[in-house]
Amino acid sequence: MHVLFLGTGTSTGIPVIGCHCDVCQSANPRNRRWRSSVLVSTETTRILVDSCPDLRAQALRHNLTAISAILYTHEHLDHTAGFDEMRAFCWHIDGRLPLYAGTRCLAQLKRMYGWAFAEGNTYQGYMRPAAHDHAGKPFSIGDIEVTPVPVVHATVETHGYVFRHGGKGFAYLPDVKELPVESRPLLHGLDAMAMDGLRYRPHPTHLNIEENVAIMQELAPKRGFVTHTGHNVDYDRLCAELPPFMAPAYDGLELEL
């Protein structure tokens with residue numbers, strides 16, 4: 001199983017428009033972060049997690065021309081606003097592109113992009129989704145097993161996901177403020193895990209760095225990554241501060257599991 005971090009930034013992206021802070025002006029390419037998304041793949045299956053506003057640029061950078069399915073964590077715009085860019089993935093397939101989301105997220109996507117879900121949407125040039133409500137229950141996409149992980153983030157229904165293939169496991173939780181007790185057993189002892197770590201100061205709807213590290217130490221993945229970081233976080237500084245099994249995620253980071 002292969003994981004490619006397409007974007008590792010928060011909702012503004014980094015650099016932030018009009019900002020002159022040290023991170024936004026940094027020459028280090030690992031301080032340049034598109035909005036958060038990952039691609040989880042095997043030899044036969046490609047799962048895109050979230051369609052962020054930077055999807056077109058991400059796809060061009062990594063020559064991403066086809067996916068097996070799109071999977072959503074929640075409906076916030078920094079995770080969904082690239083929805084229409086996925087029409088390029090529909091041009092060369094028969095039928096509709098499989099789309100998986102929780103109950104509320106799926107309802108919001110249908111409200112936001114109603115034309116795409118309409119039965120009469122058969123035009124080859126449009127985004128044509130085949131909607132699947134996973135309802136928080138495990139399912140499979142191709143040869144990858146997917147387990148939704150309920151998390152607390154603002155007031156919206158939000159899921160992280162555990163991906164399993166060939167005895168290996170990877171968890172991706174980009175937007176989290178609290179990890180419910182009942183969700184934690186799903187995340188123990190994985191090969192790799194990437195989780196929200198917005199900034200150093202506490203935030204009302206996201207984990208900060210200290211909270212991220214505490215959860216990672218409890219769950220003990222073999223490798224832990226901080227993602228969805230803002231312009232308050234410098235890559236090199238965070239590298240030096242994290243425990244040995246952890247690292248900051250960065251755009252273009254690739255994991256082989």
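The values are calculated or read from the model by the stated rules, or taken from the named source; none is laboratory data. Values in this document were obtained by computation on a predicted structure and should not be read as measured data. Cβ sites come from the backbone with ideal geometry, for glycine too, and all protein chains shown count toward neighbours. Side chains are part of the model used for accessible areas, which takes the heavy atoms of the whole protein and leaves out ligands, DNA and RNA. Shrake-Rupley method; radii C 1.70, N 1.55, O 1.52, S 1.80 Å.
Each row is one residue, and each column tells you yes or no for (1) open to solvent by 40 Å² or more (accessible area, probe 1.4 Å); (2) within 18 Å of the chain's Cα centre (by Cα).
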residue	(1), (2)
196	no, yes
201	yes, no
205	no, yes
208	no, yes
222	yes, no
229	no, yes
242	no, no
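Being surrounded by 15 or more Cβ atoms within 10 Å (Cβ to Cβ) and of a type outside the set (Val, Ile, Thr) is the filter here; which residues of the stretch 57-76 pass it?
Step one: list which residues in the stretch 57-76 are surrounded by 15 or more Cβ atoms within 10 Å (Cβ to Cβ), which gives 57-59, 64, 67-76.
Selection gives 57, 58, 59, 64, 68, 69, 71, 72, 74, 75, 76.
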Of the candidates 119, 157, the one satisfying the condition of being surrounded by 15 or more Cβ atoms within 10 Å (Cβ to Cβ) and either among the charged types (D, E, K, R) or without any contact (Cβ under 8 Å) to a residue 12 or more places away in the chain (or both) is 157
Here the qualifying pairs (Cβ atoms under 6 Å; residues six or more apart or on different chains; first in the stretch 179-191 and farther than 21 Å from residue 1 by Cβ; second open to solvent by less than 30 Å² (accessible area, probe 1.4 Å) and basic (Lys, Arg)) come out as none
Does residue 127 satisfy the criteria of being hydrophobic (A, V, I, L, M, F, W, C), under 24 Å from residue 83 (Cα atoms), crowded, with 20+ Cβ neighbours inside 10 Å and without any contact (Cβ under 8 Å) to a residue 60 or more places away in the chain? yes
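Of everything in the stretch 23-45 that's open to solvent by 30 Å² or more (accessible area, probe 1.4 Å), under 25 Å from residue 134 (Cα atoms) and free of Cβ contacts under 8 Å to residues at least 60 places away in the same chain, which residue is farthest from the chain's Cα centre (by Cα)? Steps first, answer last, please.
The initial filter retains those residues of the stretch 23-45 that are open to solvent by 30 Å² or more (accessible area, probe 1.4 Å), namely 25, 27-30, 32, 34-35, 43-44.
This time we only want the ones that are under 25 Å from residue 134 (Cα atoms), so: 35, 43-44.
Right, trim to free of Cβ contacts under 8 Å to residues at least 60 places away in the same chain and you get 35, 43.
Working: 35: 9, 43: 20 Å.
Filtering the stretch 23-45 for residues that are open to solvent by 30 Å² or more (accessible area, probe 1.4 Å), under 25 Å from residue 134 (Cα atoms) and free of Cβ contacts under 8 Å to residues at least 60 places away in the same chain, the one farthest from the chain's Cα centre (by Cα) comes out as 43.
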I'd like the full set of residues that are in a helix (DSSP H, G or I) and either in contact (Cβ under 8 Å) with a residue 24 or more places away in the chain or in contact with a Phe, Trp or Tyr (Cβ under 8 Å, 6 or more places away or on another chain) (or both), limited to the stretch 199-223. 209, 210, 213, 215, 216, 217, 218, 219
Looking at residue 174 and the list (1) surrounded by fewer than 20 Cβ atoms within 10 Å (Cβ to Cβ); (2) under 23 Å from residue 9 (Cβ atoms); (3) touching a His at 6+ places or on another chain (Cβ under 6 Å), which single condition is not satisfied? (1)
Looking at 247, 220, which one is out of contact with any strand residue (DSSP E or B) (no Cβ under 7 Å at 6 or more places or on another chain) and not aromatic (Phe, Trp, Tyr)? 220
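In this structure, is residue 181 at pLDDT 95 or above, surrounded by fewer than 22 Cβ atoms within 10 Å (Cβ to Cβ) and within 14 Å of the chain's Cα centre (by Cα)?
Values: at pLDDT 95 or above: yes; surrounded by fewer than 22 Cβ atoms within 10 Å (Cβ to Cβ): yes; within 14 Å of the chain's Cα centre (by Cα): no.
In short, no.
Determine, yes or no, whether residue 213 is under 17 Å from residue 50 (Cβ atoms), out of contact with any Lys or Arg (no Cβ under 8 Å at 6 or more places or on another chain) and either open to solvent by less than 60 Å² (accessible area, probe 1.4 Å) or modelled with pLDDT of 95 or more (or both). Quick ask: steps written out before the conclusion?
Numbers: under 17 Å from residue 50 (Cβ atoms): no; out of contact with any Lys or Arg (no Cβ under 8 Å at 6 or more places or on another chain): yes; either open to solvent by less than 60 Å² (accessible area, probe 1.4 Å) or modelled with pLDDT of 95 or more (or both): yes.
Criteria not met by residue 213.
Rundown of residues vs (1) under 18 Å from the mean Cα position of the chain (by Cα); (2) closer than 21 Å to residue 175 by Cα; (3) at pLDDT below 95; (4) not hydroxyl-bearing (Ser, Thr, Tyr), yes/no style:
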site: 86; (1), (2), (3), (4): yes, no, no, yes
site: 113; (1), (2), (3), (4): no, no, no, no
site: 120; (1), (2), (3), (4): no, no, yes, yes
site: 123; (1), (2), (3), (4): no, no, yes, no
site: 127; (1), (2), (3), (4): no, no, no, yes
site: 136; (1), (2), (3), (4): yes, yes, no, yes
site: 140; (1), (2), (3), (4): yes, no, no, no
site: 144; (1), (2), (3), (4): yes, no, no, yes
site: 151; (1), (2), (3), (4): yes, yes, no, yes
